[in-house]
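Every number here is computed from the coordinates shown, using simple stated rules; none is lab data. No experiment lies behind these values; they were computed from the predicted model shown. Virtual Cβ from ideal backbone geometry, glycine too; neighbours counted across all protein chains shown.
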Amino acid sequence: MQQIRPIAHAARNSEGQWRDPHDLEAHLVDVASLSAEHAATYGADWARLAGQWHDLGKYRQRFQHYIRQASGFEADAHIKGEVGKAPHSTAGAMLAIDRFGKSGRVLAYLIAGHHAGLADWFGGLDARLEDPKSRAELDESLVENPPADLLDSGDFKPDLAAIPGGRDGFALWVRMLFSALVDADFLDTERYMDPEKFARRNAWQTLAELAPPFDAHMAALAEKADPTPVNALHADILARRLSKADHRSRPDQTPGQSDVAM
């Protein structure tokens with residue numbers, strides 16, 4: 001039987017035809033890279049591994065059956081499994097705890113919540129990871145032999161004593177890592193699902209290009225505004241702010257100092 005390459009997403013083009021699927025290994029590699037880039041100043045190694053393992057559960061046959069058959073992408077795929085939803089965000093969380101113990105709970109917290117949001121640290125995450133179905137999700141994923149490079153944690157050694165902000169900064173740090181992971185996952189998925197929208201994200205207009213339509217819009221609003229004292233004050237404030245935007249500091253001013261009290 002021909003080996004079926006695991007996929008992460010499937011989508012139709014504008015004509016309703018199925019496009020080439022989003023390769024699962026490529027998705028995990030790209031999310032890991034982008035997540036690490038987002039967290040470059042506060043935890044790139046943590047973010048990279050979270051991205052690398054966040055969709056590990058998609059290797060299980062149940063998910064591949066779901067995305068290929070239940071979605072209609074490949075109705076005759078020779079994959080056995082249950083029809084219906086296919087949870088996939090717990091396998092990587094279980095692997096993190098198996099690999100790193102207590103320190104792995106941070107990665108588990110990020111991975112397990114990358115779709116549903118961060119659960120309660122106690123009671124929420126614990127209950128989920130103690131569910132036998134979570135262990136089965138990891139086992140079923142590993143039996144499909146994901147690429148060894150994806151399972152490899154390299155030289156990563158989680159050191160909770162070295163996190164930015166120490167004990168007081170822990171909660172914020174975890175949320176920043178979570179944001180890095182979720183944003184990377186969203187962007188890489190969008191790159192496949194809606195490449196035109198993704199491309200527009202990297203083609204923003206410059207401020208110089210945006211200034212003329214902004215000025216025209218504000219001028220139009222001023223013309224339509226009733227001549228009330230409040231509107232006159234708004235117009236004066238706007239005019240003074242626009243004037244100061246081009247202002248060059250005088251020798252007797254410190255950088256950033258303004259002679260307008262607002």
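Suppose R0 equals 25 Å. What FRET efficiency, 1/(1 + (r/R0)^6) with r the Cβ-Cβ distance, do residue 40 and residue 168 give to the nearest 0.05? Display every interim value, and only then the final one.
Working: r = 22 Å, r/R0 = 0.89.
Using R0 = 25 Å, I get an efficiency of 0.65.
Rounded, prolate or oblate: pick one for region 1-44, where a ≥ b ≥ c are the square roots of the eigenvalues of its C-alpha gyration tensor, a/c under 1.5 means rounded, and failing that, prolate if a/b is larger than b/c, else oblate.
Working: a/c = 6.44, a/b = 1.87, b/c = 3.45.
Oblate shape, in that a/c is at least 1.5 and b/c is the bigger or equal ratio.
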### Message
I'd like the FRET efficiency for residue 202 and residue 157, computed as 1/(1 + (r/R0)^6) with the beta carbon distance as r and R0 of 45 Å, rounded to 0.05.
### Response
0.85
### Task
Check the straight Cα-Cα distances from residue 244 and name the aspartates and glutamates below 12 Å, setting aside those fewer than 8 residues away within the same chain.
259
## Note on the structure
To the nearest 10 degrees, the tilt of helix 207-224 (Cα long axis) against the first principal axis of the alpha carbons of the chain is 60
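Quick check for me: using +1 on Lys/Arg Cβ and -1 on Asp/Glu Cβ, what's the dipole size of region 7-201 about its Cα centre, in debye to the nearest 20?
Working: 22 positive and 31 negative charges, 82 e Å.
The calculation lands at about 400 debye.
Could you list 121, 173 so that the one with the fewest beta carbons within 10 Å of its beta carbon is first and the one with the most is last?
Values: 121 12, 173 20.
So the residues, fewest neighbours to most, are 121, 173.
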### Query
In whole angstrom, and with the biggest value first, how far do the Cα coordinates of region 7-201 range along each principal axis?
52, 43, 29
